[in-house]
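This report concerns only the one structure given below.
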Amino acid sequence: MRTGVIAPMVIALSVLFGLDRLHRAIWFNHRYRFTTWRWGKVAAGLVLIGFVLKLTIGN
């Protein structure tokens, strides 16, 4: 299916709106900041483990 320029534009706008909402949530809601850091560390750890596994396997 061809979407032309519409699909990339919708994706870019969605990312921008999502980043704006994330920025407001982190800087203006202190409970959200705590939750973000708590689960962000877990997610970053999993990403790091995946990166190390990818390097060791060699694919």
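The values are calculated or read from the model by the stated rules, or taken from the named source; none is laboratory data. The structure displayed is predicted, hence computed values, not measured ones. FYI the Cβ positions are ideal-geometry reconstructions off the backbone, even for glycines, and counts take in every protein chain you see. All accessible areas refer to the heavy atoms of the entire protein, side chains included, with ligands and DNA or RNA removed. Shrake-Rupley method; radii C 1.70, N 1.55, O 1.52, S 1.80 Å.
Would you work out what percent of the accessible area of the chain, with all protein chains in place, is carbon or sulfur (probe 1.4 Å)?
73 percent
Write down the accessible area per residue of the chain in Å², having rolled a 1.4 Å probe over the full set of protein chains.
98 Å²
Just name one of Phe17, Trp27, Gly50: the one whose Cα is farthest towards the positive end of the charge dipole of the chain (beta-carbon charges, Lys/Arg +1, Asp/Glu -1).
Working it through, the farthest residue towards the positive pole turns out to be Trp27.
Would you work out if the chain is rounded, prolate or oblate? Take a ≥ b ≥ c from the square roots of the eigenvalues of the alpha-carbon gyration tensor; rounded if a/c is under 1.5, else prolate when a/b is larger than b/c, oblate otherwise.
Because a/c hits 1.5 or more and a/b fails to exceed b/c, the chain counts as oblate.
About its Cα centre, what dipole magnitude does the chain give when the only charges are +1 on Lys and Arg Cβ and -1 on Asp and Glu Cβ, stated in debye to the nearest 20?
180 debye
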